[in-house]
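The values are calculated or read from the model by the stated rules, or taken from the named source; none is laboratory data. Everything quoted here is computed from the prediction, not taken from an experiment. When we count neighbours, we look across all protein chains shown, and the Cβ atoms used for this are built from the backbone with ideal geometry, even at glycine. When the accessible area is computed, the model is the full protein with side chains, heavy atoms only, and any ligands, DNA or RNA have been set aside. Shrake-Rupley method; radii C 1.70, N 1.55, O 1.52, S 1.80 Å.
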Amino acid sequence: MADVMVMKEIEDTARRLGVNLSTLDLDAIRLPPGENAGIVSDDEEIYQEDNLEFESGFGNIIVVDNLPVVPREKFEKLEGVVRKIYSQIGVIKEDGLWMPVDPETEKTLGYCFIEYNTPQEAELAKEKTHGYKLDRAHIFSVSMFDDFDRFMKVPNEWAPPETKPYAPGENLQQWLTDAKARDQFVIRAGSDTEVLWNDARHLKPDPVYKRAFWTESFVQWSPLGTYLATVHRQGAAVWGGAASFNRLMRYAHPQVKLIDFSPGEKYLVTYSSHEPSNPRDANRVVINIFDVRTGKVMRDFKGSADDFAVGGAGGVTGVSWPVFKWSGGRDDKYFARMGKNVLSVYETESFSLVDKKSLKVENIMDFCWSPTDPIIALFVPEMGGGNQPARVSLIQIPSKEELRQKNLFSVSDCKMYWQSNGDYLAVNVERYTKTKKSTYTGFELFRIKERDIPIEVLELENKNDKIIAFAWEPKGHRFAVIHGDNPKPDVSIYSMRTGQNSRVSKLTTLKGKQANALFWSPAGRYIVLAGLKGFNGQLEFYNVDELETMATAEHFMATDIEWDPTGRYVATAVTSVHEMENGFNIWSFNGKHLYRILKDHFFQFLWRPRPPSFLSAEKEEEIAKNLKKYSKKYEAEDQDVSLLLSEQEREKRRMLKEEWDKWVNEWKRIHEEESLQRQKLRDGEVSDEEEEYEAKDIEVEEVINVTKEVLRLEYGQE
């Protein structure tokens with residue numbers, strides 16, 4: 001309908017100007033360069049800002065040289081060999097392999113052209129097969145088809161390359177030098193994405209950067225807070241900078257759905273799933289691992305959704321995410337994935353399997369890396385109808401040596417939790433009773449850093465209690481467990497060491513808490529007991545050192561809770577899973593409510609992570625001991641801010657009073673102007689004072705209707 005209206009306007013305009021549209025070739029009309037007639041193209045950003053190469057040209061075609069020269073009868077065999085090699089890397093288009101033949105000799109010319117679906121597949125094929133040794137006499141030389149234009153323009157005489165002066169890049173850690181020591185966070189609401197400072201002193205957020213349609217699905221900080229990643233149909237991008245957020249790198253991966261950073265931010269893993277042409281086939285999965293700084297594809301993995309559906313905590317279309325789990329630390333040296341009866345561990349130096357083979361683990365169910373060391377904890381369930389027990393094993397990488405193994409019997413389920421320093425591993429084991437009709441729960445606690453890795457068994461006072469949540473204290477030796485039955489389970493807090501005793505001991509049990517989630521402060525010591533979603537956002541701020549509640553509060557219908565990276569503030573949010581009260585609250589560590597921001601269609605709240613401190617443990621301890629000396633400066637600043645806020649509050653009240661007085665004066669003016677009308681309505685009485693009038697109640701009786709009815713007396717009645 002809109003197209004019809006536009007065409008009618010064009011015809012009316014042409015008729016008014018005396019132009020015969022039937023003789024006009026509209027396709028031949030070209031605007032001068034740089035002109036757009038005031039109409040901005042929908043593809044303006046794609047073609048001008050992004051200049052995406054995979055949208056045009058021959059970037060998806062490669063030329064493979066130094067093939068064997070064969071006669072026509074061997075042509076089909078050679079084509080089959082070449083197709084087998086290159087179809088493993090990507091999808092070759094129909095009729096996408098062309099091998100020219102000399103018409104005189106009817107032999108091949110020793111090269112061929114291969115056309116892939118995407119330029120990324122072509123680039124990967126060039127990278128993987130350039131120098132591939134088919135046999136002693138034939139080593140492939142692979143080039144991109146687009147490179148030939150560049151080769152033809154090489155000058156006959158060599159000239160030294162132009163030396164460009166060094167231009168220092170932006171300091172991507174500039175935000176860490178904030179004079180007020182504030183933290184940043186990103187929010188996504190509606191079509192807008194905003195990065196803001198948490199200015200808790202002034203009880204409000206301070207804007208940093210805002211952009212509409214910045215991402216098409218979600219945003220994600222890198223683990224050390226250097227980059228902000230966005231997701232688009234063409235791929236992913238990372239952003240960062242000193243004063244604003246500039247795009248630093250693009251990672252071409254069409255229809256990307258999920259992303260994941262390595263712990264040291266060196267690599268970015270992207271995932272996409274493509275619908276098959278045959279409905280009976282499984283979705284085709286593509287996973288790329290990019291170098292974050294260069295944007296180069298270091299390794300890709302392709303297969304069906306079933307190939308990547310083993311293990312993990314959740315994902316899309318049957319694939320568990322993350323598919324790859326990274327080893328601990330910032331060196332990003334190893335990553336691993338689980339397959340059917342195998343654990344494949346890769347090293348990032350060559351992006352190949354460690355020792356060129358996977359680790360065979362029959363019926364492996366789950367695994368996780370130590371956060372600090374190249375140690376894998378893996379779980380294998382019972383096999384052979386219970387004749388072969390379940391087990392948890394600790395494997396050292398790259399030696400693949402088994403450091404410790406614990407056999408477990410009558411196991412129903414098992415979950416593993418590493419402490420953030422890698423000092424302890426807690427294994428939550430759910431076991432069947434002898435009758436197999438019910439289950440009970442206990443913990444196997446591994447002391448990783450102690451000699452021979454001793455294991456301690458912890459059982460709850462009530463073995464039948466269901467474990468609702470478990471969480472280690474970051475960098476500490478304590479852990480908390482929510483156990484029991486809803487709606488008011490118990491919360492128990494334990495320590496892995498008490499005084500000189502290295503055995504686990506219970507510190508306290510908090511009875512009947514309306515909580516289903518635990519959130520430790522990143523600095524330890526404090527914990528938030530939260531009742532999310534169905535528990536209506538009940539919050540309890542608890543001091544574990546003193547074993548006392550600091551505050552209780554509520555954020556109705558809260559769906560998410562996140563501590564800031566310093567442990568000073570807590571954010572609670574209601575996202576768009578609820579239609580009402582969308583937005584977030586900021587609280588102090590001890591439960592004082594600081595400010596609230598409401599946002600319609602609120603999707604995400606993420607604190608910007610901080611990298612580990614460069615200070616030594618001794619220096620941090622010294623600062624903690626002399627905290628009062630350092631705090632004087634900040635107490636003075638806090639007092640100045642408090643005075644400023646008081647002054648602002650007084651100014652706000654003064655403005656409200658002025659507004660009120662203005663309204664009252666306006667009302668009096670209107671009242672005065674209408675005095676003559678009121679006097680007329682009162683039959684000439686001048687005064688507006690009610691006290692000068694006497695109110696009288698007058699009763700008026702009025703006969704509305706009179707009827708007569710003759711009543712007959714029966715015999716015997718008087």
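Residue by residue through segment 353-363, which ³J(HN,Hα) values in whole Hz follow from phi under the Karplus form 6.51 cos²θ - 1.76 cosθ + 1.60 (θ = phi - 60°), with glycine and proline marked x?
Computed from phi, the couplings for segment 353-363 are 5, 5, 6, 6, 7, 7, 8, 7, 9, 4, 6 Hz.
What is the sum of charges around Glu659, taking Lys and Arg as +1, Asp and Glu as -1, for the other residues whose C-beta is under 12 Å from the C-beta of Glu659?
Local charge sum for Glu659: +2.
Through the Karplus equation 6.51 cos²θ - 1.76 cosθ + 1.60, θ set to phi - 60°, convert the phi angles of segment 463-478 into ³J(HN,Hα) values in whole Hz; use x for Gly and Pro.
Values, residue by residue: 4, 7, 4, 7, 7, 8, 7, 9, 7, 7, 6, x, 6, x, 10, 10 Hz.
Placing +1 at every Lys and Arg Cβ and -1 at every Asp and Glu Cβ, with all other atoms neutral, what dipole size does segment 519-620 have around its Cα centre, in debye to the nearest 20?
Magnitude of the dipole: close to 300 debye.
Indicate the helices, whole DSSP H runs only, in the chain that combine a mean Kyte-Doolittle hydropathy of 1.6 or more with a Cα extent along their long axis of 27 angstrom or more.
Helices meeting the span and hydropathy rule in the chain: none at all.
Going toward the positive end of the dipole of segment 588-699, with +1 on Lys and Arg Cβ and -1 on Asp and Glu Cβ, which of Ser642, Gln604, Asn626 do you reach last?
Asn626
For the ranges 671-677, 549-555, what's the packing order if you count other beta-carbon atoms within 10 Å of each residue, average per peptide, and put the highest first?
549-555, 671-677
What does the charge add up to near Asp332, with Lys and Arg as +1, Asp and Glu as -1, over the other residues with Cβ less than 11 Å from its Cβ?
-2
Remind me, relative contact order of the chain in percent, using alpha carbon pairs under 8 angstrom and six or more residues apart?
6 percent
State the answer as a single residue: which of Ile187, Asn582, Ala695 lies farthest towards the positive end of the charge dipole of the chain, with beta carbon charges of +1 for Lys and Arg and -1 for Asp and Glu, about the Cα centre.
Ile187
Amide H of Tyr209 versus every other amide H placed in the peptide plane: which residues, excluding those fewer than 5 positions away on the same chain, fall under 5 Å?
Counting only residues 5 or more places away or on other chains, the set is Val195.
Once amide H atoms are placed 1.01 Å from N in the peptide plane, what residues at a sequence separation of 5 or more from Asp366, or on another chain, have their amide H within under 5 Å of its amide H?
Phe379
Can you give me the accessible area per residue for the chain, using a 1.4 Å probe, in Å²?
62 Å²
Place a +1 charge on the Cβ of each Lys and Arg in the chain and a -1 charge on the Cβ of each Asp and Glu, then give the dipole magnitude about the Cα centre in debye, rounded to the nearest 20.
In debye, rounded to 20, the chain gives about 4420.
When ranked by the protection proxy of mean other Cβ atoms within 10 Å per residue, highest first, what sequence do the peptides 115-127, 77-89 form?
115-127, 77-89
Would you kindly state how much longer the chain becomes between Thr433 and His138 on full extension, computed as 0.36 nm times their sequence separation minus their alpha carbon distance, in nm to one decimal?
99.6 nm
Grab the beta carbon distance between Asp683 and Glu659, set R0 = 35 Å, and tell me the FRET efficiency rounded to 0.05.
Given R0 = 35 Å and the Cβ-Cβ separation, E is 0.35.
Scan around Ala236 for amide H atoms under 5 Å from its own, H built in the peptide plane at 1.01 Å from N, and keep only partners 5 or more places away or cross-chain.
Tyr251, His253
Count the net charge of all other residues whose Cβ sits under 13 Å from the Cβ of Leu615, scoring Lys and Arg as +1 and Asp and Glu as -1.
-2
Can you run phi through the Karplus equation (6.51, -1.76, 1.60; θ = phi - 60°) for segment 256-268 and list ³J(HN,Hα) in whole Hz, with x for Gly and Pro?
Once rounded to whole Hz, the list reads 5, 10, 9, 9, 7, 8, 6, x, x, 6, 7, 10, 10.
What's the carbon and sulfur percent of segment 415-547's accessible surface, probe 1.4 angstrom, rounded to a whole number?
Solvent-exposed carbon and sulfur of segment 415-547 make up 43 percent of the total.
Anything over 18 Å Cα to Cα? Flag those among Lys266/Lys296; Lys126/Lys153; Lys360/Lys400; Lys74/Lys128; Lys180/Lys633, in the order listed.
Cα-Cα > 18 Å for Lys126/Lys153; Lys74/Lys128; rest within.
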